[in-house]
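First comes the structure, then the notes that go with it.
The values are calculated or read from the model by the stated rules, or taken from the named source; none is laboratory data. Worth saying up front: this structure is predicted, and the values here are computed from it rather than measured. Because the Cβ atoms are built from the backbone with ideal geometry, glycine has one as well, and the counts that use them run over all protein chains shown.
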Amino acid sequence: MAFAGNVDELALLQTIRLKGQVTADLLAAHLGVAVASAEAARDALLTQGKAETVDGGAFALTAAGIAELGDQLDAERVSIDEDSIAEIHERFLELDGPLRELATVDADVDALAALDKKAQDVFDDVSAFVPRLSRYQDLFAEALTRAQAGERAWIADADLDSYLSVWDEIARELRGTSGLDDESSAA
């Protein structure tokens, strides 16, 4: 559902929850929107009491924002085929161990690219069943491209939307969507 700044509110709230706290710049990069759109979404959340400012110009969800996120995730989950998403999650888990072994600063970038190629079918299916998660494919592509260009921090740096950081987020998303994560209710 479009929100202030034409930002999807569910994706907005979930991104803030997964990251803990965000700036408008980080939110814009993660969601693939203009900074002005992220600022408008932030301002709307602050006005509605769904977010609050924290250190350094960042903002985080309030209890009201977490409750709204929980309601929206519950509504989304009703529309998802449970058996299909559970099967996709199992296919994802088959790649999880190899990715975690690979995702270090000293990682073989060619091996990471090969694993990424195997993961594309899983990500395509994730996007088909949960369209708001399609943005993760762009984030994976950007992280891999930067790693291949020699920017090794884009493999596993927790302060970036690195390959491993994005992998961790989609792992949490899949657990929640599958109903396997206590945080899936966002409460």
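So in region 100-151, with the set limited to residues that are polar (S, T, N, Q) and in contact with a Ser or Thr (Cβ under 7 Å, 6 or more places away or on another chain), which one is nearest to residue 88 (Cα to Cα)? If you could, list the steps in order and put the result at the bottom.
Residues of region 100-151 that are polar (S, T, N, Q), as a first pass: 104, 120, 127, 134, 137, 145, 148.
Narrowing the set further to residues that are in contact with a Ser or Thr (Cβ under 7 Å, 6 or more places away or on another chain) leaves 127, 134, 137.
Values: 127: 11, 134: 14, 137: 15 Å.
Going through the qualifying residues, I end up with 127.
Scan region 96-105 and tell me whether some residue there is of a type in the set (Gly, Ala, Ser), more than 26 Å from residue 10 (Cα to Cα) and part of a helix (DSSP H, G or I).
Kept after step one, since they are of a type in the set (Gly, Ala, Ser), are these residues of region 96-105: 97, 103.
Subsequent filtering for residues that are more than 26 Å from residue 10 (Cα to Cα) retains 97, 103.
If we keep only those that are part of a helix (DSSP H, G or I) as well, we get 97.
Yes, the conditions are met somewhere in region 96-105.
Of all the residues that make up region 119-147, how many are surrounded by 15 or more Cβ atoms within 10 Å (Cβ to Cβ) and either outside the structural domain of residue 104 (by TED's automatic domain parsing) or more than 23 Å from residue 177 (Cα to Cα) (or both)?
So the answer is 5.
Out of all the residues in region 47-66, which are surrounded by 15 or more Cβ atoms within 10 Å (Cβ to Cβ) and either aliphatic (A, V, I, L, M) or in contact with a His (Cβ under 7 Å, 6 or more places away or on another chain) (or both)?
51, 58, 60, 61, 66 - these are the residues of region 47-66 that are surrounded by 15 or more Cβ atoms within 10 Å (Cβ to Cβ) and either aliphatic (A, V, I, L, M) or in contact with a His (Cβ under 7 Å, 6 or more places away or on another chain) (or both).
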